[in-house]
1. Take segment 40-91 and flag every residue that is aliphatic (A, V, I, L, M) and more than 14 Å from the chain's Cα centre (by Cα).
2. Among the residues of segment 73-90, is any of a type outside the set (D, E, K, R) and in contact with a strand residue (DSSP E or B) (Cβ under 7 Å, 6 or more places away or on another chain)?
3. Within segment 119-139, identify whether any single residue is under 20 Å from ALA241 (Cα atoms) and either within 21 Å of the chain's Cα centre (by Cα) or assigned to a helix (DSSP H, G or I) (or both), and answer yes or no.
4. Among the residues of segment 56-79, are any touching a Lys or Arg at 6+ places or on another chain (Cβ under 7 Å), surrounded by fewer than 18 Cβ atoms within 10 Å (Cβ to Cβ), of a type outside the set (Gly, Ala, Ser) and more than 25 Å from PHE174 (Cα to Cα)?
5. Where residues in segment 211-233 are touching a residue at least 24 places away in the same chain (Cβ under 8 Å) and not in a loop (DSSP other than H, G, I, E, B), which of them is farthest from the chain's Cα centre (by Cα)?
6. Can you tell me which residue in segment 248-271 is surrounded by the fewest Cβ atoms within 10 Å (Cβ to Cβ), limited to those that are of a type outside the set (S, T, N, Q) and either in contact with a Gly (Cβ under 9 Å, 6 or more places away or on another chain) or assigned to a strand (DSSP E or B) (or both)?
7. Select from segment 199-209 the residues that are more than 13 Å from GLU240 (Cα to Cα) and over 13 Å from the mean Cα position of the chain (by Cα) and write down the one among them that is modelled with the highest pLDDT.
Amino acid sequence: MKNTFSFEGIGTKWEVQIYSPIAESHLGYIEQLIKKRVEKFNKVYSRFLPDSFVNNALLQKGIVKLPDDSEKLFSLYRRLYSITDGLFTPLIGQVLMDAGYDSKYSLKPRKLHTPPPWERVAAYDFPNINIIESATYDFGAAGKGHLIDLVSEIIIDQGFPEFCVDAGRDIRLFSEVPIRIGLENPSNSEEAIGVVTLSHGSICASSGSRRTWDIYHHIINPKTLKSPSKILATWVVAQEALIADALSTCLFLVPAKKLLPHFSFEYLTLYADSSFEKSSAFPAELFMK
């Protein structure tokens, strides 16, 4: 019986699998719910859509009411902004655009400027944000993870507690039988550097090799205005995909010891010299020495 569907959304491939019997009509209904949710999310948070919420409402000075689904996302960004001393910031949007990662994917860098401090730009108090100064927001470092969690909630609400949501190899799953997930070699997408075994929770990865141009990749340090070059890839296992996604980016900017007191997660960091660092309980069999 068919229990899987796939589609394209927010610039990546999604594959959803439900690990229990389901009528084809019900599966189709869930598919439509999820596609509409992904489309709605994109219209709110995409930096690449000129009419999105972040490109309209957040550019207007004054008090703005945030979408109902934004509390976890904004609160996590605000928390990590503090923990990382401003290195993890949604105000990285203009830096990415100036580097060439813009709506036209021009990949033609201009002069980069340090983004403004959050405190100067906005005062966040959900459900409102008071925009003091216009700035370009980018939620790419955690947005996909948040959307994976929202999609997972749809499946659970439809009565299916066992499933796998895979969005470009960022995954949230609940399964009675442990699932083996390959860790893609950032230097060769046809190879794996190891295998994670997971039955519930999320695993998300960040890699500079996914989007690389000129001297940049999609992660840029807002203080040095350079893309970190000593790290090839990171993987984080956490309960929520939102946390796993955000922390996999944070590990490019700060050491794990800065994050571990604040979050429950396991991690693997692969360095450019082929060495690696991982937490003791990272659930993987690695093929590296």
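The values are calculated or read from the model by the stated rules, or taken from the named source; none is laboratory data. What you see is a predicted model; the values in this text were computed from it and never measured. Positions of Cβ are backbone-derived with ideal geometry, glycine not excepted, and every protein chain shown enters the neighbour counts.
1. VAL44, LEU49, VAL54, ALA57, LEU58, LEU59, ILE63, VAL64, LEU66, ILE83, LEU87, LEU91
2. Looking for residues that are of a type outside the set (D, E, K, R) and in contact with a strand residue (DSSP E or B) (Cβ under 7 Å, 6 or more places away or on another chain), one finds at least one in segment 73-90, hence yes.
3. Checked segment 119-139: at least one residue is under 20 Å from ALA241 (Cα atoms) and either within 21 Å of the chain's Cα centre (by Cα) or assigned to a helix (DSSP H, G or I) (or both).
4. Within segment 56-79, none of the residues are touching a Lys or Arg at 6+ places or on another chain (Cβ under 7 Å), surrounded by fewer than 18 Cβ atoms within 10 Å (Cβ to Cβ), of a type outside the set (Gly, Ala, Ser) and more than 25 Å from PHE174 (Cα to Cα).
5. Step by step, filter segment 211-233, then rank; the result is TRP213.
6. Here the residue is TYR271.
7. Top of the filtered list is SER199.
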